[in-house]
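Here the structure is laid out as structure tokens; the discussion comes afterwards.
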Amino acid sequence: MHEYQAPSQLLANRTIVVSGAGAGIGRAAAKAYAAHGATVVLIGRTQSKLESCYDEIVAEDHPEPVIVVMDFANASEGEYMNLRDRLAETFGHIDGILVNASLLGERKPLEQTSLKSWNELMQVNVTAGFLLVKSLLVLCQRSPNDASIILTSSSVGRKGRAYWGAYAISKFATEGMMQVLADELENVSNVRVNSINPGATNTEMRRTAYPAERPSDNPSPAERMNTYLYLMGPDSIGVNGQACNAFG
Ligand SMILES: NC(=O)c1ccc[n+]([C@@H]2O[C@H](COP(=O)([O-])OP(=O)(O)OC[C@H]3O[C@@H](n4cnc5c(N)ncnc54)[C@H](OP(=O)(O)O)[C@@H]3O)[C@@H](O)[C@H]2O)c1
């Protein structure tokens with residue numbers, strides 16, 4: 001999967017929603033999807049970052065993206081429903097969602113984790129993903145072909161590790177959400193649902209989590225994109241409920 005070579009027009013005529021598209025892995029995924037023909041819906045909380053991602057995509061002559069500014073820490077359910085209505089009006093359907101935005105939160109023992117930071121992290125890492133999928137699933141089901149939902153996990157969401165606190169627990173919840181959804185949709189829907197653990201990748205989050213590391217020792221987000229392309233495009237039809245890795 002991580003060695004997959006995507007055809008140049010893999011995602012032509014598809015509309016793909018990417019959360020956390022302003023920076024890091026989400027930004028690289030949005031650009032990779034656009035470079036393979038998709039119209040991408042760039043969701044994030046910082047308008048300037050989304051605009052610079054938009055500018056880079058347009059400068060490469062890829063399909064013009066749509067920007068949606070949304071702060072997952074305090075967005076109401078109504079905002080997700082408005083997003084669904086806006087996308088329904090513009091596109092009629094969508095063909096994929098990459099649920100990617102996340103917070104790292106406090107790196108300390110659970111006993112010392114504040115309720116405030118726990119709640120904020122669960123809101124962004126779990127509840128926002130749930131609300132995004134809950135509101136947009138109907139548009140995926142209207143895809144004339146197949147549709148793909150990718151949830152973003154982590155190594156610490158597959159095996160717990162000391163001091164990774166709410167972040168690790170939120171990734172276990174993400175894996176659970178992926179499995180529940182995949183099982184609900186198996187054989188009754190054109191929508192497949194899988195998770196990706198990107199692995200150590202040179203982003204702001206990684207640099208914050210491992211300040212002693214030399215950032216350039218880790219692959220760039222762009223180098224992690226083969227699995228993201230494979231799972232989003234039709235070559236992965238039939239792959240459902242899998243916990244995948246973006247590395248070898
Ligand atoms: N990098 C790694 O080594 C690694 C390893 C395992 C898993 N992951 C996972 O991969 C995904 C991407 O991580 P990354 O390394 O690219 O992280 P990142 O560089 O910190 O980017 C996170 C993205 O999420 C957005 N975001 C954060 N809080 C938000 C909020 N309240 N509302 C809307 N958007 C919000 C950020 O927006 P702003 O830029 O506007 O703040 C940013 O675009 C995450 O799910 C992470 O858990 C990463």
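Residues checked against (1) in a loop (DSSP other than H, G, I, E, B); (2) within 13 Å of the ligand (Cβ to nearest atom):
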| site | (1), (2) |
| --- | --- |
| Glu184 | no, no |
| Ser189 | yes, no |
| Asn194 | no, no |
| Ala200 | yes, yes |
| Thr208 | no, yes |
| Ser216 | no, no |
| Glu223 | no, yes |
| Leu231 | no, no |
| Gly241 | yes, no |
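Take Ala35 and decide whether it is small (Gly, Ala, Ser) and open to solvent by less than 10 Å² (accessible area, probe 1.4 Å). The answer is no for Ala35.
When Leu110, Leu139 are screened for being closer than 25 Å to Ile25 by Cα and at pLDDT 95 or above, only Leu139 passes.
Listed by first and then second residue, the pairs linking a residue in region 208-221 that is free of Cβ contacts under 8 Å to residues at least 40 places away in the same chain and of a type outside the set (Phe, Trp, Tyr) to a residue that is open to solvent by 70 Å² or more (accessible area, probe 1.4 Å) and near the ligand (Cβ under 10 Å from one of its atoms), with Cβ atoms under 6 Å apart and 6 or more places separating them unless they lie on different chains, are Pro215/Arg207.
Taking the criterion of being surrounded by fewer than 22 Cβ atoms within 10 Å (Cβ to Cβ), under 28 Å from Leu110 (Cβ atoms) and in contact with a helix residue (DSSP H, G or I) (Cβ under 8 Å, 6 or more places away or on another chain), the residues of region 145-163 that qualify are Val156, Arg158, Gly160, Arg161.
From the residues in region 52-98 that are of a type in the set (Phe, Trp, Tyr) and within 16 Å of the ligand (Cβ to nearest atom), which one is least open to solvent (accessible area, probe 1.4 Å)? The extreme case among them is Tyr80. The criterion of at least 1 residues that are among the aromatic types (Phe, Trp, Tyr), in contact with a Lys or Arg (Cβ under 8 Å, 6 or more places away or on another chain) and over 25 Å from Ala246 (Cα atoms) is met, among helices (runs of 4 or more DSSP H) falling completely within region 49-148, by 77-91. Looking only at region 1-51, residues that are more than 10 Å from the ligand (Cβ to nearest atom), free of Cβ contacts under 8 Å to residues at least 40 places away in the same chain and farther than 18 Å from Glu223 by Cα come to 6 in all.
The values are calculated or read from the model by the stated rules, or taken from the named source; none is laboratory data. Only a predicted model underlies this, so the values are computations on that prediction, with no experimental measurement involved. Reconstructed Cβ throughout: ideal geometry from the backbone, glycine too, with neighbour counts over all protein chains shown. For accessibility, only protein heavy atoms count, side chains too; no ligands or nucleic acids. Shrake-Rupley method; radii C 1.70, N 1.55, O 1.52, S 1.80 Å.
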